[in-house]
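The values are calculated or read from the model by the stated rules, or taken from the named source; none is laboratory data. What you see is a predicted model; the values in this text were computed from it and never measured. Neighbour counts are summed over all protein chains in view; Cβ atoms, including those assigned to glycine, are modelled from backbone coordinates with ideal geometry. Heavy atoms of the whole protein, side chains included, go into the accessibility calculation; ligands, DNA and RNA do not. Shrake-Rupley method; radii C 1.70, N 1.55, O 1.52, S 1.80 Å.
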Amino acid sequence: MTATDTYLLLRAFCDELARCGLQHACTSPGSRNTPILLSLAREPGIKSWSHLDERCAGFFALGAAKASGRPVAVTCTSGTAAANLAPAVIEAHEAHVPLLVLTADRPPELREVGAGQTIDQLKLYGDAVKWFFEVGVHEATSENLRWIRTLACRAYATAIDGAPGPVHLNFPLREPLIAELPLPDDPTGRADGRPYVIVEPPHIREGLDGAGPHPSGRLLIVAGAGTLDPAGLAAYAERSGIPLLADPLSGARRGGAAIAHYDLLLRSEAFTESRRPEFIFRVGELPTSKPLRTWLAALPDVAQIAFDPYHTWHDPGSVVGMRIHGAPPRPDGLNIEPGWLESWRAADRTVAEVLERIVDDQRLSEPLVAARLAAQLPARAILFTASSMPVRDLEEFAAAREDPPRTLSNRGANGIDGTVSSAFGVAATAGGPVVLLIGDVALAHDIGGLLAARRLGLALTIVVVNNDGGGIFHFLPVAGETDAFEEHVATPHGLDFAHAAAFYGCEYERPQTAAELSGALGHAIAAGGTTIIEIRTDRTRNLELHRRVANAVAG
Ligand SMILES: Cc1ncc(C[n+]2csc(CCOP(=O)(O)OP(=O)(O)O)c2C)c(N)n1
Ligand SMILES: [Mg+2]
């Protein structure tokens, strides 16, 4: 077995991934993974994005795969490098994002004998991957070349089959790690450029084929991330008079049936009592909203039907009585209670008036930033939103509009890690501008992700709401534990992100008013580079503002 064998096999593997449809890969430097990263970088059908930090590489690949809906490969060297991919692998598993994780390893004779940079990488990510395979060390016979082509096809297909997710292949690599070029020809690929094995794409069933529930009366639709054909769903809800409670992450918060402010409305007992539905269609993942989740969980006797193409079984309240592995049916002529949608819309309009009075009047507040971004971004933009308050404020305050920008978030494991890198990964595959809404702690956590601006030349507009710590924790009982709250929970840091912008070569703006924010957004998107737009807010005042809004809606 020679280096030529290694490179021949890896060239066939990467060629086959490209034939299957893989367009993007992320590399990170190291010695042991040299054959993998060179083979990826030399594959003409694959764009390879270079990263210094494996954690960033993993999250970048996650963002690219999430935005494109296709598997993205990520490779790293042996040892703790592979462990640094774990957060992104876990997020990909929880959020059903297809990733191909290609780790380099020492060959068997160098394991558990004190060789450098060697850890146990077998099944390193546990049950967070759909498939683990130890590739082994082989000669590049024509049988083995055919086999490694099927391995590539199988890994790619496994990542997207059923519920998409990560696949881990561990590649033991023997020295020498560099081969002499040019490599011999490899005639084992299919002649016409098609994959070695054509795998039928997973089939998602549409509707119920005539069977299943026939709701009438008070039907409600709740839509979250992963909703298939959100525009079609919104149009159907409007045509049929069905209130649509759609998280911005669903893409369905649009049209005349969208009840944008359900998070605020459902906090009132009088409201929930008077709007008790008879049927609920739950489409995609559950929205983040706690009042909505609490309400759904309190309705075990209401017929709740989950349309769940990926078999996720999301139902923390154990109330779903029917689960259909497809998209919801859209029969016309349903017998929906007259005035049912209008009663929701009237309430939603009242909240919008409250927001106009309280939030729009304010200087640049956290709710105002979320609402303005949702209202102003062009339809072709992608809004990536960080966990913590950004994703919640967007859900609470974004109005419905006809053509909302696509909204993405890492909500599989709700982590604040890797957010900048994920947003850059989105930018790598998106056609239009990408805007990231992020808190200061999340930005500080993945500050190294900013390297993608300079090294990869990618464009991203980063709107950081800097309240000097974790503002979300002020909403939780822990805020009362004043002896340790500030230092150990809120974690203020005093960072001024102007310095980060200068260090990483980004443009920087600090708007003071809503009008200045609009201007800064316009400039940043038009300029096409990476801009950090920093907005300073105050955690205590933010809590008060949220309370004031909730009280005004309740009153
Ligand atoms: C990786 C990870 N570590 C810790 C947490 C717990 N956590 C949730 S929100 C948060 C603070 C986020 O602060 P920031 O990004 O500034 O947003 P804000 O709450 O101020 O809106 C933390 C630490 C998490 N979700 N993920
Ligand atoms: Mg913060």
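A few points about this structure:
- 3J(HN,Hα) couplings calculated from phi for the stretch 108-119 with the Karplus curve 6.51 cos²θ - 1.76 cosθ + 1.60 (θ = phi - 60°) are, in sequence order, x, 5, 10, 9, 6, 10, x, 5, x, 6, 10, 10 Hz; Gly and Pro show x.
- Per residue accessible area in Å² of the stretch 232-375, where ligands, DNA and RNA are left out and the probe is 1.4 Å: 41 Å²
- Taking amide H as placed 1.01 Å from N in the peptide plane, the amide H of Ala246 sits under 5 Å from that of Ala223, Ile259, each at least 5 places away or on another chain.
- Backbone HN-Hα couplings from phi across the stretch 14-19 [Karplus 6.51/-1.76/1.60, Hz, Gly and Pro as x]: 5, 4, 5, 4, 5, 4
- Nearest-0.05 FRET efficiency for Glu402 and Asp496, computed from C-beta distance (R0 35 Å): 0.35
- Listed residues Ala398, Ala231, Gly126: farthest to the positive end of the dipole of the chain (Cβ charges): Ala231
- Taking the inverse of the mean reciprocal distance over all distinct Cα pairs, the Kirkwood hydrodynamic radius of the stretch 109-245 comes to 20.4 Å.
- Computed over protein heavy atoms with a 1.4 Å probe, the carbon and sulfur contribution to the accessible area of the chain reaches 51%.
- The stretch 240-336: translational diffusion in µm²/s, Stokes-Einstein, Kirkwood Rh over Cα pairs, 37 °C, 0.692 mPa s: 232 µm²/s
- Per-selection Rg to Rh, the stretch 130-175 - Cα, Kirkwood hydrodynamic radius: 1.03
- About the centre of its Cα atoms, the stretch 319-415 shows a dipole size close to 440 debye [charges on the beta carbon of Lys, Arg (+1) and Asp, Glu (-1) only; nearest 20 debye].
- The charge dipole of the chain, taken about the Cα centre with unit charges on the Cβ atoms of Lys, Arg (+1) and Asp, Glu (-1), comes to about 800 debye, rounded to the nearest 20.
- Short-range pairs are left out: with C-alpha atoms under 8 Å and at least six residues apart, the relative contact order of the stretch 61-149 is 30 percent.
- Using alpha-carbon coordinates, inclination of helix 340-358 to the longest axis of the chain, degrees: 90 degrees
- Stokes-Einstein diffusion for the stretch 83-184, with the hydrodynamic radius set to the Kirkwood value over Cα pairs and evaluated at 25 °C in a medium of 0.890 mPa s, equals 164 µm²/s.
- To the nearest ten degrees, helix 419-429 and the longest principal axis of the Cα atoms of the chain are 70 degrees apart.
- Projected-area average for the chain over all orientations - Cα convex hull basis, square nanometres: 27.4 nm²
- Between the stretch 62-124 and the stretch 441-492, the alpha-carbon centres lie 26 Å apart.
- As a rough guide to protection, the peptides 71-79, 412-420, 47-55, 326-334 ranked by mean Cβ packing within 10 Å, highest first, stand as 71-79, 412-420, 47-55, 326-334.
- In Hz, Karplus ³J(HN,Hα) per residue of the stretch 69-86 (6.51, -1.76, 1.60; θ = phi - 60°; x = Gly, Pro): x, 10, x, 10, 8, 9, 10, 8, 7, 7, x, 5, 3, 5, 5, 5, 7, 4
- Taken per residue, the accessible surface of the stretch 1-133 reaches 34 Å², heavy atoms only and a 1.4 Å probe.
- Whole-Å semi-axes of the ellipsoid equivalent to the stretch 74-138 (Cα gyration tensor, √5λ, descending): 23, 12, 9
- Cα-based helix-to-principal-axis angle, 366-376 vs the chain, degrees rounded to 10: 80 degrees
- Value of [θ]222 nm, deg cm²/dmol, for the chain, DSSP H segments ≥ 4, -39500 (n - 2.57) each, nearest 500: -11000 deg cm²/dmol
- Calculated accessible area for the stretch 434-555 comes out at 45 Å² per residue, all protein chains present (probe 1.4 Å; ligands, DNA, RNA ignored).
- Three semi-axes describe the equivalent ellipsoid of the stretch 360-475; taken as square roots of 5 times the Cα gyration tensor eigenvalues and ordered largest first, they are 21, 19, 12 Å.
- Placed amide H near Val434: partners under 5 Å, 5+ positions off or other chain: Ile382, Thr461
- Think of the chain as a dipole: +1 on every Lys or Arg Cβ, -1 on every Asp or Glu Cβ, centred on the Cα centre; then among Gly217, Gly505, Leu436, Gly217 lies furthest on the positive end.
- Value of Rg/Rh across the stretch 435-513 [Cα atoms, Kirkwood radius]: 1.05
- Sorted into 10 angstrom bins from 0, the C-alpha pair distances of the stretch 411-480 split as 19, 47, 25, 8, 1 percent.
- Three principal axis extents of the stretch 1-96 based on alpha-carbon atoms, in descending order, are 39, 30, 19 Å.
- Relative contact order [Cα under 8 Å, 6+ residues apart], the chain, whole percent: 13 percent
- Alpha carbon centroid spacing (whole Å) that separates the stretch 258-294 from the stretch 326-370: 11 Å
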